[in-house]
Amino acid sequence: VRNPAIRLTTVPEDRMWSFEREVAARLAGLGYSEACNTSFLSARQAASFTPPLGEKQDSQPIPIANPLSQEQAALRTSLIPALLENALLNFRRQNLGVHFFETGRIFFQNHEGRHEGRRLALLSGGDARAAHWRQKKKKADYYDVSGGVEALLKALHISNYEVVPSRAAAFHPKRCSAILIGSKALGWVGEIHPDLAQELDTAEPLVAAELDTHVLLDAIPQQFTYAPPSPFPPVRRDLSMIAPEACSYEKIAKALRTAGGKDLESLSLIDLYTGDKIGPGKKSLTVSLVFRNKEKTLSDVDVDKLFHKMVSDLEKKCEATLRK
């Protein structure tokens, strides 16, 4: 009697699979739960997410020849519709705060043929934070998911991205952004359109993001550099300005970083106001600036020169003026 021979084979390393597992671990650490849905959608679900993110305008869903039901009549063009259904199921069962993510394939066809891509989707809905004796309950909003996306990009050492206002059929026209890396669309993030929320029969806020996983993976730098912290003390200044309401904070921050150069260590928005006191079409911003040099202690004269250069560049590039 001989035992059957068992042949062992080495499973080749799959870079995308390993990357998606790393992303899943990081998102779980941010409080998101992983979902795993089927690859089928109804024509109604696919309508708001066609064409898929970053694809040609003639891209359409791929119909299934013999669907089991009309709810599974096409291959998915996005991961978000299934996450929306996951959220609705939780709402019906009195779980009023959800944070989901999913990685997987999407499918579409256009004049070039049939294609598939890989996506990462995030969704928050209902209560973003439960009531506590020291804080009030908070509903999910655009900044919860955009903050999750930014935290993920920071963890992956990706900094060369740009967030710009955008419009997409599934998202609120004034609370939707596209994330770009150079000329490539990395993803979009936004609040679900009120019409779509009404169609889903829910009054709970729903916010979602979807990223192209291939673009995300390619954007990770191949080498990381370490810079030791400066032993010299920082100099902190606040810059208050009045800018056109149409001028984005990203544009203002970019102008400040360019003018500040290597001595501007960090900046953060600490106050934003719009109202009758500053007039229509204007907004008031206060940005906290931290200056530090790696080789010497910055003097007030050094910082004043940088500060005045920042104010001058803001006037030229953003039509912003120093608030008196």
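Observations on the model:
- Restricting the stretch 40-60 to residues that are in a helix (DSSP H, G or I) and not polar (S, T, N, Q), the residue that is surrounded by the most Cβ atoms within 10 Å (Cβ to Cβ): 46
- Residue 78 being open to solvent by 30 Å² or more (accessible area, probe 1.4 Å), in a loop (DSSP other than H, G, I, E, B) and touching a Leu at 6+ places or on another chain (Cβ under 9 Å): no
- Meets criteria (in contact with a helix residue (DSSP H, G or I) (Cβ under 9 Å, 6 or more places away or on another chain) and aliphatic (A, V, I, L, M)) for residue 153: yes
- Scope the stretch 12-39; condition of a type in the set (Gly, Ala, Ser) and either open to solvent by less than 30 Å² (accessible area, probe 1.4 Å) or more than 25 Å from residue 182 (Cβ to Cβ) (or both); matching residues: 24, 25, 28, 29, 31, 33, 35, 39
- Restricting the search to strands (runs of 3 or more DSSP E) fully inside the stretch 149-255 and requiring at least 2 residues that are within 27 Å of residue 318 (Cα to Cα) gives 162-165, 171-181, 184-192, 235-244.
- The stretch 120-171, residues that are without any contact (Cβ under 8 Å) to a residue 24 or more places away in the chain, under 9 Å from the mean Cα position of the chain (by Cα) and buried (at least 16 other Cβ atoms within 10 Å of the Cβ): 150, 153
- The stretch 276-311: number of residues that are within 13 Å of residue 243 (Cα to Cα) and either open to solvent by 30 Å² or more (accessible area, probe 1.4 Å) or without any contact (Cβ under 8 Å) to a residue 60 or more places away in the chain (or both): 10
- Within the stretch 172-206, restricting attention to residues that are of a type in the set (S, T, N, Q) and touching a residue at least 12 places away in the same chain (Cβ under 8 Å), the residue that is surrounded by the most Cβ atoms within 10 Å (Cβ to Cβ) is 177.
- Test for residue 96: is it modelled with pLDDT of 95 or more and either touching a strand residue (DSSP E or B) at 6+ places or on another chain (Cβ under 8 Å) or farther than 13 Å from residue 41 by Cα (or both): no
The values are calculated or read from the model by the stated rules, or taken from the named source; none is laboratory data. Bear in mind that the values here come from a model prediction, so they are computed numbers and not experimental data. Cβ atoms come from the backbone with ideal geometry, glycine included; neighbour counts cover every protein chain shown. When the accessible area is computed, the model is the full protein with side chains, heavy atoms only, and any ligands, DNA or RNA have been set aside. Shrake-Rupley method; radii C 1.70, N 1.55, O 1.52, S 1.80 Å.
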